[in-house]
Amino acid sequence: MGGIMQSEIFFFTTTIAVVLLTIVGIITLVYLIRILRTIDSISGTVKKETEFIAQDYEEARKKFKEGARLAALVSIFTGLYRRAKGRKKENKNT
């Protein structure tokens with residue numbers, strides 16, 4: 001009778017241990033899923049912001065090119081104006 005009582009105690013404690021480990025495992029999985037969802041949300045936000053930054057960079061690059069072209073045109077016209085002004089002074093002196 002003592003052997004049967006010991007086996008019942010063993011199975012009872014084993015059942016409790018398995019149930020507790022299952023509960024701990026489920027809780028761990030729930031937190032892991034929540035963490036993964038948060039990481040997914042963060043990576044989505046980072047992807048969107050990266051696309052916005054790329055668009056802003058492209059716009060800034062276009063504006064810079066346009067500005068550089070405009071600056072080149074302005075320098076050409078100011079150079080022509082200076083040359084013409086210099087020629088007028090030479091013509092007046094002769």
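Derivation of every value follows stated rules applied to the coordinates shown; laboratory data play no part. None of these values were measured; they are calculated from a predicted model. Quick reminder, even Gly has a Cβ in these numbers, built from the backbone with ideal geometry, and neighbours come from all protein chains shown.
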Two-site label geometry, residue 28 and residue 40: point separation in nm, points 7 Å out along Cα→Cβ: 2.2
Spin-label pair residue 66/residue 20, simplified geometry with 7 Å Cα→Cβ offset, distance in nm: 7.1
